[in-house]
Structure formats: structure tokens, C-alpha cells
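Bear in mind these aren't lab numbers, they're just calculated from the coordinates by the rules spelled out. None of the values given here were measured: they were computed from a predicted structure. Using ideal geometry, Cβ is built from the backbone for each residue, glycine included, and neighbour counts are taken over all protein chains shown.
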Amino acid sequence: MSQTLEQSATPIPEKRELTTLPRFSDRVFRGVVTTGGLSSLVILGLILGFLLYNGYSTLRQQGMHFLTGSNWQAVISDSGAFDVKNSHFGLAAMLIGTMIVALIAIAVGVPISVGAATYLTFYAPNAIKKIMVSAIDLMAAFPSVLFGLWGFFVLQPSGEYWAKLIHKYLGFIPFFQLPAPYVTRSPFIAGLVLAIMIIPIVTSVSREIFSQTPLDRIQAAYALGATRFAMLRAVAFPYARSGIVGGVMLGLGRAMGETVAVYTVLNIVYQVNWQILFSAGGNVASMILLKFGEASPNEVKALMAAGLVLFILTLIVNSIANLIVTRTGKSGR
Amino acid sequence: MSTVTAQIMPKPSKPWAASPLDRAKTGGIFLAAVLASFAVVASTPLKGKLAYILVFFAAYIMIDFASTFIKVGRQGAVDAVFRAVVTMAIAIAVTPIISILITVWLRGHKGLHIGLFTTDMRSTAYTDPINQGGLLHAIIGTFLLVFFAMIISVPIGILTAIYLTEIRGKFTRPISFLVQAMSGVPSIVAGLFIYAAILLPLTKKLNGIEGSLALAILMIPTVARMSEEVLKLIPSDLREAGVALGGTQWRSVAMVVVPAARSGLITAVILGIARVAGETAPLLLLTGGSGSKNYNMFKDSMGSLPNYIWQCFATGTPESITRAWAGILVLLVIVVVLFAAARTLGNRKVGKK
């Protein structure tokens, strides 16, 4: 006892450290995780940087012609060197082609997807719903080369017949005219294949938005004596409208960047072609794949610039889509 | 006594459910529409599958509309028509899936033989009879490419997800935005990027690892987004309990949160693999396609299933196209197995060991 009293004369132990500062291990952890998290930023930046670095010379030589011109000629002069003056790289034909094919896909695919999502959310019995949702999700995982081959061998024969029908009965509309009776491998068929490829993504986004429709509003509509269609028109569709627009934009982004499927079912000709039933067209991605094989180093640079344009386009479309979808998701809670 | 109460208990009535009479009516309308479509197609110049489907659909809507209109009036009839329209939409949406699965089996099974999994294409041309040569090199190639892509992308993807759910620093919003934007990067652009960043300045040759890098770029957003969804589902109680026991954030994430989300994280990785296993465009630019087995990721071109399918399709003879379908069948089986695995794991309750 006396000993402890003597010892109490020794100075009081230091105050324990009370701090909200993270410990060393946590600081390392946060550093590592933040670095990992920032990698998406780094990768997107690197993609932009490298494509710009490689495509810059083409972009400078061609200027605005790269976006507005529609001829693609890599001229090699007699001495075997690359002829800068006579080479023309104009992406307009393929940009228009990209938009045409993607818009056909949207026009065909979106009504089907939204209808399917409506059925799955508001009509389907549980057992059917489970199977159908699994099937459509599985379809999202199908490789694009499979869609390409299926489109080429299975869809194309039917598609040609439909194209002829459309031409016969709606041929007076400029889009459906044919300069020559060739309807194989047309933008129309490529659009149909892309429509099938975007069905899973548009369906699942729409389904998600539909399922967030506030239950009280649905029940209020039913309580007022609405039929199911009246409820959908008054409650679900207005609620989900902007979210579905977002889903459609996501589908558009996917349709614009598709390479292999389009390459398989489309006869890629470098020209502006508004006649969607005619066997000529293309999109930027498939054109890059087509030209890449035999491209000279200078043409590769032009293709890099084309890839840069495609990258920026899809990035813009996807960003708008994601902004819309995220916002809709929040307003529902 | 108990039997009496059992008799008194009324059967639960479901006034909203379809009665046998309603079902019979629906069946009757369906049959009538089928008959009408056959009759119209037989008696008019219309022909083909499309005509049957269109006439059937039009007839179904008309009969359905008329019968409902008589019974309950306009509102109900419009409702019935809309129901028919959305049912049609789901039927159209599911048709391609069924068609694709049937086509792949019908055309692909002719090219199946045991040699497919034991030999490669070293001494076989695509145009040779189908029972020669095989897919071994392509299966090995795809396995290696996807495995290396996984090694690169899984840590990055899961770290991103942990950042988004656990750290929630000032970059949370921009990163979650960028990850979503990244999932829209076209595969050909990923290929071009690796070509510009690695093949042109450094290696100047086709090899496997470049393909893996491109696949990793496409895989990261899938893994990150799916993992984020899973980690969000982990209840905060677990995190708080970890911290309350005196654990650092690092330990509560590594010892509590991640183990609790394990099966969900595995699902995310599997879905990422399924996404890139059939990716073709970047491989055409970066890995080339050789006919012989190549185990070295850093040297020489490397065959893969998508590349094999592509080459066979481009060759264009009946034999090579049968080869392409056999390749697709193998690829599709891999994708479906991965998908089913992901589903089975994903359906387990999160947090259960």
C-alpha cells in the first residue's frame, strides 16, 4: 500500500490519444481503394489521350472535312510515300450510316421492349415472369458474333421478303425506294439485328423504372375504378417516361458502337445511302474493322481519329442516358 | 368438432382471378383467331409466316375487342386490346432467343465430334471435312485471354465498388458516373486504344496479353457496377458492429463486409466473364488467330473461340460454316453455363455464408 502511495508521486500518465484521424492502416486502405476507384477516370482519360495523339495529324490535315466529307481515300504516290494532299478522309457517310442503322434499331426495338417490360411488370403471372426475365437477361450475354451469324443465316431470308413487301407497298416514300433491285445485306436488316440486340437492355431498364412506380398511386387509380390500361396511361407511363427515354438512349449507345454484328449483316459501301432497303451502308465501328486489315500506317491514324469520334459520340449518348436514368430513380423515393 | 369448423371455413374467393368460363372464352377467341388466319391466308393472295402472324393478331384483337365491348363497354375493350398488344410484344421479344438457341443447336451439332476438344487446327484448313481438326487451341486461347482479363479487371472493379460504397469520398459521384460511361465504350474502341497505347509504340506484334487488356477494359464496368449493387445490400449494422468492436475501417471491410458479400461478388465476376467471353472485335485487331496451341500470353498470336468462328465464317465454304456453328455452340454453352452459375449464386441470400 505504501509503495503505491510513493509511486503516485510519479507524473500522471499521458492523456490517451483521442482523435478522429484515421489510423495508419486505414489511410493506406483508403489510398489503395481511392486509387482503384480512380482507375476508370484514368482509363477513360488514356483512351481519349491515345486516340487523340494518334489521330491528331489526320484531324489537323482534314479539319472539318473529317466530319462533313464523305470520301475515304488513302492515296499512295508513285514513290510509295503517303500522299497527304490527295488523300481524303471524311467520316460523314459512315456517321450518317451509324445514325440510320441505330435509328432503325430504336424504331423497331423500343416499342417491343417497352411493351415487353409493361407485360412483365404489370401483367405476367409470377412463374412466367421469372422465366422470361431470365431468358431476356441471358440474351444480353449472347456474344455479338452470334447475333451476326444468326442475322445473316436466319433473319436475312425473312428480312429480304419483308423489305420487298415494304418496297412494294410503301415505295413512294423516299427512304423505301430502291435504285437497283438488291435488298440483301441492307441497313434495314442490320437495323433489325441491332433492334434484337438492344431489346434486353431497354427492357431491363424500363422494367426497373416501372417497378419503382409508387404503389399508392397505382392503387389509387384502381380504387377510382380504372382499368389496367387506364392506370398505366394515367400513372405508370407518365411516371416512367423520362426513365424510358434514358433506357432508349442506352440502347442507342449500344447500337451505335456495335461492330461485328453489323459487319456480318451489312454490305459496307463507303457512300451516303438514305435508302434503307438498298444493299449498301455501314457504320463507323464496322468500317474501322473493315479498313484496319490492309491499312497503311497513315490510314491507321485516320482510323484512330474515326475511333475517337465514335468514342466521344457514344460517351455523350451514354452520359445523357445515365443522367436521365439516375435522376428518375431518385425522384421515385 | 374439428370437422364442423373445417366445413364452416369458407374457401378463399379470388374475385380477380380468371374463372374457368373466362379461360374458356380466351381459349375460344384464340382458336377463332387461328382459324380466321388460316381461312384468310388460304382464300387471299397473302402468303408466308408473316401473313399468318399478322392476320392472327388482327383477328385476335378484333374478336377480343368485340366480345369485351359487348360485355363491359369501351373502357374494358381498350384494356383488353392493350393486354393483347403487350402480350404480343413479349412474344416478339422472346422469339429471337428461342430461334437463336434452336438454330445454334440444329446447325452446330453436325460439327460436334470428340476431336473438337483434343486437336487443334495446326495441320487442318477450315475447308477440310468437319471430322478433322478441332477447337482445342481456341478453347485454351479463350480461357487464357479471359483469365488474364479477370486478373486485371477484378481487383480494379471491386476496389471501385468498395470506394463507391464504403469510402464515399468526394469522388463518389464522378466515379460512379464515369463507370457507367465506361460501360458504354464500344468494344472496337477498346481494341483501338490498346493498339495505339501498346501495340504501336511497344510490342509491334500481335499477342495474347493485348487482347486481355482490351477485354479487361470492357469487363471493369460490369464487375464494378454489379459489385456495387451487392455491397449496397450489405446492412450497415454489420459495418457498424465491426467498427464498434474496435476494428479499423480496413478490418471491418476486409473481415466483415467483403466476406458477407462473397457470393454476390463472385456473381459479379462471372457476369463480367460472360460479357467478354464472346467479344470479337478487339481480338481481331490485337491477338490475331493462329491454328496451333499457344500457352504464352506475351509471344505470338493467340487463337480464340470468337476469332475461330469469325475466320470460319469469313472462309465461307459449307464445311467452314459448319465449323463456325460448332464453335458458336461451344461458346454459347460456356456463356449459358456461366450465366446459370451466376444466377444460382446470385439467388442465394446476401450475407449468408
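Which GluC sites (Glu not before Pro) in the stretch A:248-319 pass both tests, a DSSP loop state and at most 12 other beta-carbon atoms within 10 Å?
A:Glu294
Relative contact order of chain B, taken over Cα pairs closer than 8 Å and 6 or more residues apart, is 21 percent. The distance linking the stretch B:175-243 with the stretch A:288-309 is 24 Å (Cα centroid to Cα centroid, whole angstrom). Using Cβ point charges alone (K and R +1, D and E -1), the dipole size of the protein assembly as shown about the Cα centre works out to roughly 1620 debye.
Taking chymotrypsin sites (Phe, Trp or Tyr not before Pro) as exposed when DSSP calls them loop and at most 11 other C-beta atoms lie within 10 angstrom, chain B has its longest site-free stretch at B:17-294.
Rounded, prolate or oblate: pick one for the stretch A:267-333, where a ≥ b ≥ c are the square roots of the eigenvalues of its C-alpha gyration tensor, a/c under 1.5 means rounded, and failing that, prolate if a/b is larger than b/c, else oblate. Oblate. Distance from the alpha carbon centroid of the stretch B:143-157 to that of the stretch A:99-114 works out to 33 angstrom. The residue among B:Ala181, B:Leu135, B:Thr87 whose Cα reaches farthest toward the positive pole of the charge dipole of chain B, with charges on the beta-carbon of Lys, Arg, Asp and Glu, is B:Thr87. Specify the inter-centroid distance of the stretch B:290-353 and the stretch A:118-169, based on alpha-carbon positions, in whole Å. Distance between centres, Cα-based: 22 Å. For the protein assembly as shown, the spherically averaged projection of the C-alpha convex hull amounts to 49.2 nm². State the percent of C-alpha pairs, over all pairs in the stretch A:91-331, separated by a distance greater than 26 angstrom. When all Cα pairs of the stretch A:91-331 are counted, 45 percent exceed 26 Å.
Under the combined filter of DSSP loop state and at most 14 neighbouring Cβ atoms within 10 Å, the stretch B:2-99 retains these trypsin sites (Lys or Arg not before Pro): B:Lys47. Across chain B, Cα-Cα pairs more than 38 Å apart make up 45 percent of the total.
Sorted from greatest to least, the principal axis extents spanned by the alpha carbons of the stretch B:21-110 come out as 55, 29, 21 Å. What is the stretch B:94-150 by shape, rounded, prolate or oblate, if you read a ≥ b ≥ c off the alpha carbon gyration tensor as root eigenvalues and call it rounded for a/c under 1.5, prolate for a/b larger than b/c, and oblate otherwise? The shape class here is oblate. With contacts taken as Cα pairs under 8 Å and at least 6 residues apart, the stretch A:91-331 reaches a relative contact order of 32 percent.
Shape class for the stretch A:279-318, computed from the alpha carbon gyration tensor (a ≥ b ≥ c): oblate, with a/c not under 1.5 and a/b at or below b/c.
Could you size up the charge dipole of chain A around its Cα centre, putting +1 on the beta carbon of Lys and Arg and -1 on that of Asp and Glu, and report it in debye to the nearest 20? Intermediate values should be presented prior to the final figure.
Details: 23 positive and 13 negative charges, 189 e Å.
Dipole about the Cα centre, nearest 20: 900 debye.
Considering helices alone, the calculated mean residue ellipticity of the protein assembly as shown at 222 nm is -22500 deg cm²/dmol, with DSSP H runs of length four and up weighted by -39500 (n - 2.57) and normalised per residue. In the stretch A:91-331, taking the dipole from charged Cβ atoms about the Cα centre, the farthest positive-side position among A:Leu165, A:Gly281, A:Pro187 is held by A:Leu165.
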